[in-house]
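Nothing in this text is a laboratory measurement; each read-out follows from the coordinates by a stated rule. All values derive from a computational prediction rather than experimental measurement. Positions of Cβ are backbone-derived with ideal geometry, glycine not excepted, and every protein chain shown enters the neighbour counts.
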């Protein structure tokens, strides 16, 4: 018997019946193993990057829905707990809509019935604004949010509006409502029969009969001056 040469490129010869002979080089095995050791980690990194970057890239063109789906009921197609919808408005600024649950009635429909809904978006001056409600209806395609049940709109500057119903256009940042409104802020309180909020709260118009109470800033008005005697020769 002859010893096998101690060389890394020794060859293995296999016979399969009367078929052709296969020759496999040990060097080929080594090269394949080296490529696997390098290629598998690189492939894993690529997969991770795609998973993380893909939602970010496509948030600007649509929405991201978070939350695990649960079994549907009452004729609903699907129901999600703790969903999150993210999009961009007409000024390319992000906004987010969340809820305790979202129900989709029909497959492919982009309308969701929300429970304990909340929406927030950034303001042009770097601040933020948010709206909460007991429930509502969210049209994802039209970026329209119709809320009902103790609707509260508030800004980080301390302004707050409370009403029963409101419609919010997430694309433009406008909102309006025809239910009675109670509002308050650093300057005072206000009551009206409805409201219009424009440009994310830059302008608020109170409609119908309106009652306003301004807070006293604690400064006393200057004392009234006595009328001076007219100048001229005395009689």
**Prompt:** When the Cα atoms of the stretch 65-214 are enclosed in a convex hull and the volume is divided per residue, what value in Å³ results?
**Reply:** 101 Å³
**Complete:** Least to most buried among 133, 179, by other C-beta atoms within 10 Å and fewest first, runs 179, 133
**Asked** Each label point is 7 Å from the Cα along the Cα-to-Cβ direction; what then is the distance between the points at residue 171 and residue 152, in nm?
**Response** 3.0 nm
**Message:** Regarding the stretch 82-158, what's the average projected area of the Cα-atom convex hull, expressed in nm²?
**Reply:** 5.3 nm²
